[in-house]
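To start, the structure under review is shown below, and the notes come after it.
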Amino acid sequence: MVFFHDCLGIIVERFGIKSIMWLVLFIIGLMHLLFSLIDSPWWLVPVGVLPGFLFSTYYSAMTSYASSVSTPGTAACVQALISSAYDGLGASSGNFVAGLLFYYIDRKTVFLSYALSALFLSFLFMCINHITNDDKNEKSVKDNTCNS
């Protein structure tokens, strides 16, 4: 576990937090696209490996970003706020909406709509990040990356 965490720290330092966020969102879009195309349950096994790696990579980048934008002495509080927003608001509302959609619409349409929205949002995130690129902020984020 420690080795994997060290590898994530190196990946976040090498590519930057914003690039990791974009990449995770893009791969989630591709993963949902694959879920919409799969007919046999056995094909879920190789695709199902991705969420574990994506979650840990995203969580590492999220906590690094939270600690980099917080004022000195408030890093733990900001990390807790972002984590609770992700777990409490994002995951619960996402599961609720997905459950409703699965009830009223077929599986392939739901996964395809999630895939297209994630791919669109990753493209939008990349464009906004490119337009508002701030090298000073990215440098300070890389300097504050958590490696322990």
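The values are calculated or read from the model by the stated rules, or taken from the named source; none is laboratory data. None of the values given here were measured: they were computed from a predicted structure. Positions of Cβ are backbone-derived with ideal geometry, glycine not excepted, and every protein chain shown enters the neighbour counts.
Checked against (1) crowded, with 17+ Cβ neighbours inside 10 Å; (2) out of contact with any Asp or Glu (no Cβ under 6 Å at 6 or more places or on another chain), S93 passes all but condition (1). Within segment 108-125, residues that are under 13 Å from M31 (Cα atoms) have Cβ atoms under 8 Å from residues that are outside any helix (DSSP H, G or I) and of a type in the set (D, E, K, R) in no pair, counting only partners at least 6 apart in sequence or on another chain.
From the list L23, L30, L81, the one residue that fits, being modelled with pLDDT of 85 or more and over 20 Å from S113 (Cα atoms), is L81. Counting the residues of segment 47-63 that are free of Cβ contacts under 8 Å to residues at least 12 places away in the same chain and farther than 19 Å from I20 by Cβ gives 1. Scanning segment 64-77 for any residue that is under 25 Å from A115 (Cα atoms) and without any contact (Cβ under 8 Å) to a residue 24 or more places away in the chain turns up nothing.
Scanning segment 123-137 for residues that are over 19 Å from F55 (Cβ atoms) and either in a helix (DSSP H, G or I) or of a type in the set (V, I, T) (or both) returns F123, L124, M126, C127, I128, N129, H130, I131, T132, D135, K136, N137.
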